[in-house]
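Reviewing the structure listed below.
The values are calculated or read from the model by the stated rules, or taken from the named source; none is laboratory data. Just so you know, these numbers come straight off a predicted model, no measurement behind them. Positions of Cβ are backbone-derived with ideal geometry, glycine not excepted, and every protein chain shown enters the neighbour counts.
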Amino acid sequence: MKTLKCLAKLGLITSVVFGNVALAKTVIKVGHYNADTHPSNIALQEYFKKTVEEKTAGRYEIRIYPNNQLGGEDQIVNGLRNGTIEMGITGLLLQNVDPVFGVWEWPYLFKDNQEAKKVLESPVAQEIGEKMQNYGIKLLAYGMNGFRVISSNKKLEKFDDFKGLRLRVPLNSLFVDWAKAMNINPQSMPLSEVFTALEQKVIDGQENPYALIKDSGLYEVQKYIIETNHMFSPGLLQISLKTWNKMSKEDQEIFLEAAKLYQEKEWELAIQAEQDVKKFFAENGKEVIIPNEQFKADMLNASQKLYDSFYQKYDWASALIEQINNAK
């Protein structure tokens, strides 16, 4: 009883009354950085939350916190690892502790959304996901943030146009190395600083998935969108292993069922949203440039030096890429 009272004070357990019997309700907080309108947030609300709450007869309450309300991506990852946040959606930030988790963003790994989806539903993706448990996190589903494209105030129609381009990239060495391989001048900075940097012309452009460029308003200070599709970014639905291990097997199965539905619907929503955003950009005076075959070939060839580096640096890289290619 003392334990229940303590948990209630912390907001992790509330009371549900059926007739004259009060039952404990477990609150699961889900934090992420996407906007309310992002496919991941919609899929969480409409499919994951509803499924869990209905199938557990209200014993669980899923509370969703978009827009960094529970902190930035690094805080979500740390919270999941130490158990202070029950669930979250993040990118591949865990690669900072084990580089194998960053493989999905290796340049030009996938040719389109369908190929990425097929591989991320394959045994090799499941095997990599299971390794996250070594770091206190249980992976529930691979969602889609989408292919990363470049927005710029400089028109980029061929590989040589990259030279000298001041491009914002995340605070991640993989993105810096990719930019350098493309002869781009990388400028690492937090996403929160990008709009102002573009507005003040400190940088020429940035790169992100279509949906984020729209949701964050970055398109307002950009002229061109170049569909480089240079990296694919998944969104990982995760639960703290501390939270997961407290659940009964029956409840774990319900969460897995809800996560499977979430994954299916989130991909559908994300693929449609990508098309909607392209249309939105066109209607708002942005020119979307689709690289021609030579431009694509030049980007692919330039990325080969990165893979040579990966193969030298990581003894597992060559075999893993072969497994991924076989799963396509």
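Can you pull out the helices (runs of 4 or more DSSP H) entirely within the stretch 106-212 that have at least 2 residues that are in contact with a Pro (Cβ under 8 Å, 6 or more places away or on another chain) and without any contact (Cβ under 8 Å) to a residue 40 or more places away in the chain?
Details: elements: 113-120, 123-130, 173-181, 194-199.
Answer list for the stretch 106-212: 173-181.
Filtering the stretch 178-222 to residues that are within 23 Å of residue 272 (Cα to Cα) and of a type in the set (Phe, Trp, Tyr) leaves 210, 219. Kindly evaluate residue 258 against the criterion of being more than 23 Å from the chain's Cα centre (by Cα), farther than 17 Å from residue 232 by Cα and in a helix (DSSP H, G or I). When the stated conditions are applied, residue 258 does not pass them.
From the residues in the stretch 41-100 that are part of a loop (DSSP other than H, G, I, E, B) and aliphatic (A, V, I, L, M), which one is surrounded by the most Cβ atoms within 10 Å (Cβ to Cβ)?
Quick first cut of the stretch 41-100, residues part of a loop (DSSP other than H, G, I, E, B) only: 56-59, 66-72, 83-86, 91-92, 97-98.
Next, only the ones that are aliphatic (A, V, I, L, M) stay: 57, 70, 85, 92, 97.
On the way: 57: 10, 70: 20, 85: 24, 92: 21, 97: 11.
Ranking the qualifying residues of the stretch 41-100, first place goes to 85.
Restricting the stretch 186-216 to residues that are within 26 Å of residue 108 (Cα to Cα) and loosely packed, with under 15 Cβ neighbours inside 10 Å leaves a set whose member that is farthest from the chain's Cα centre (by Cα) is 188.
Would you please name the residue that is surrounded by the most Cβ atoms within 10 Å (Cβ to Cβ), looking only at residues in the stretch 285-306 that are part of a helix (DSSP H, G or I) and of a type in the set (A, V, I, L, M)? First the steps, then the outcome.
At the first step, the residues of the stretch 285-306 found to be part of a helix (DSSP H, G or I) are 293-306.
When the remaining residues are screened for being of a type in the set (A, V, I, L, M), the result is 297, 299-300, 302, 306.
Values: 297: 12, 299: 20, 300: 12, 302: 18, 306: 18.
Step by step, filter the stretch 285-306, then rank; the result is 299.
Within the stretch 274-284, is even one residue in contact with a helix residue (DSSP H, G or I) (Cβ under 8 Å, 6 or more places away or on another chain), of a type outside the set (A, V, I, L, M) and buried (at least 18 other Cβ atoms within 10 Å of the Cβ)? Checking the stretch 274-284: at least one residue is in contact with a helix residue (DSSP H, G or I) (Cβ under 8 Å, 6 or more places away or on another chain), of a type outside the set (A, V, I, L, M) and buried (at least 18 other Cβ atoms within 10 Å of the Cβ).
Entry remark, the stretch 139-167: residues being within 19 Å of residue 96 (Cβ to Cβ) and either of a type in the set (Lys, Arg) or surrounded by fewer than 18 Cβ atoms within 10 Å (Cβ to Cβ) (or both) number 1 in total. Residue 88 falls short on exactly one of the conditions (1) small (Gly, Ala, Ser); (2) modelled with pLDDT under 95; (3) within 15 Å of the chain's Cα centre (by Cα), and that condition is (2).
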